[in-house]
Amino acid sequence: VLLNMSTPKKAVIDASAEDLHPSLLNIIEQESLNWIFVGGKGGVGKTTTSCCLSVQLAKVRPNVLIVSTDPAHNLSDAFGQKFGKDPIKVNGFENLFCMEVDSSGEQEWEAIEASQVSQGLPTDGLESGVGSIMKDLMTSVPGIDEAMAFAELMKMVQEMNYSTIVFDTAPTGHTLRLLSFPKTMESAIGKLLDLKNKFSGVLANVTALMGAGGAEGVESMIQKLEQLKGLIDQVHNQIRNPEKTTFVCVCIPEFLSIYETERLVQELSKSEIDTHNVVVNQVLFPDKDAEDLVEWYKTAKDTLPQEAQDLIGKTIARKRMQDRYISQIFELYEDFHIVLMPLLDNEVRGVASLESFSKLLLNPSS
């Protein structure tokens, strides 16, 4: 996408408020939403936005779960509390829970092997012979481990029966791979079943040499994958349902972040996943434009020491740059709810800070 670097007009930002409220209040009010994904480029404040949104949702929903699918988990740091692969109640809340899950896919293969043991079947059907070949074939498909992990995660959160689940996702590229998992899994299972049918005679002879346990282990693994395919179809339908699922894009007013956001929006559109909210973090003085600061600076410049002049000069230059990109955001996403979140003097960490900052998602003018 080509980004137009035109000079922003304050009226452009203000005019949008007439049609679309510049907040995430629309998400809070849409009671039918079950899954809310929060994503964007690395380092733009996805975890902070996820936590703040969840804090507000917990006030109006029976129970809320935040799930981190980012390999570099940050929920524990944000809340100042250790979380793991099982839901843990957030200190200070009765209905807000967090969990940090592994999305590498290794746990899913371990789960398949564990199910063999629970059924009284030996695991060597997966560790050697045809079982090993089948597993190697599956893991050779790009993204299959992540697809399996995401499918199992979806299955798990469905069984947990939370009213709303907020997904704190990994940076854009990783997230797009996860959201495309239905095609990945369908392709992988299709290839595996094609091979099974094509070489059914050879497979029967080789598994016979492995003994009953080995043959049953391979067949059980194939059945597991077919069950996952059914789950995938169910999850895919919910992800594409705008009444049930939406995606909140998070960015900062810089070129690379906006470029990544546009790529994300385009890919979400191709995947038929609803997105109509953009949160812009780290905005300098969101209620002013650069010219307001320039006018003030002109009257005060002569009274300030050189060091202060240098600092203010850089701040104004930064503000002008941000204004250009914010103007671009409003032009690109004129039919989105766009929330400008201020750059603070301190980090947003701990329940009290998140609680305070979260109010700005619903009422930025406050």
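The values are calculated or read from the model by the stated rules, or taken from the named source; none is laboratory data. Predicted model only: the values in this text are computed from it and were never measured. Note that each Cβ is placed from the backbone with ideal geometry, even for glycine, and that neighbours are counted across all protein chains shown. Only protein heavy atoms, including side chains, enter the accessible area calculation; ligands, DNA and RNA are left aside. Shrake-Rupley method; radii C 1.70, N 1.55, O 1.52, S 1.80 Å.
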>> Place a point 7 Å from Cα of residue 343 in the direction of its Cβ. Which residues in region 36-61 have their backbone N less than 17 Å from it?
In response: 43-46
> Using the Karplus equation 6.51 cos²θ - 1.76 cosθ + 1.60 (θ = phi - 60°), what ³J(HN,Hα) coupling, rounded to whole Hz, does each residue of region 255-271 give in order, writing x for Gly and Pro?
Replying inline: 4, 4, 5, 5, 4, 5, 5, 5, 4, 5, 4, 4, 5, 5, 4, 4, 7
> Separation between the residue 254 and residue 269 pseudo-spin-labels, each 7 Å from Cα along Cα→Cβ, expressed in nm?
Replying inline: 2.6 nm
> Between residue 226 and residue 285, how many nm apart are label points set 7 Å from Cα along the C-beta direction?
Replying inline: 6.7 nm
>> Using a 1.4 Å probe on the protein heavy atoms only, what accessible surface does residue 276 show? Give it in Å² to the nearest 10.
In response: 40 Å²
>> Is the C-alpha gyration tensor of region 301-366 telling us rounded, prolate or oblate? Criteria: a/c under 1.5 is rounded; beyond that, a/b larger than b/c is prolate, otherwise oblate.
In response: oblate
> With each pseudo-label sitting 7 Å past Cα toward Cβ, what's the residue 356-residue 240 distance in nm, one decimal?
Replying inline: 4.6 nm
>> Can you list residues from other chains, or at least 5 along the same chain, whose modelled amide H is less than 5 Å from the amide H of residue 339?
In response: 278, 279, 280
>> Need the full-extension length gain, residue 311 to residue 156, defined as separation in residues times 0.36 nm minus the C-alpha distance. One decimal, nm.
In response: 50.7 nm
> Which links in 288/359; 244/359; 46/85; 270/359; 89/270; 85/229 stretch past 29 Å when you go from one Cα to the other?
Replying inline: 270/359; 89/270
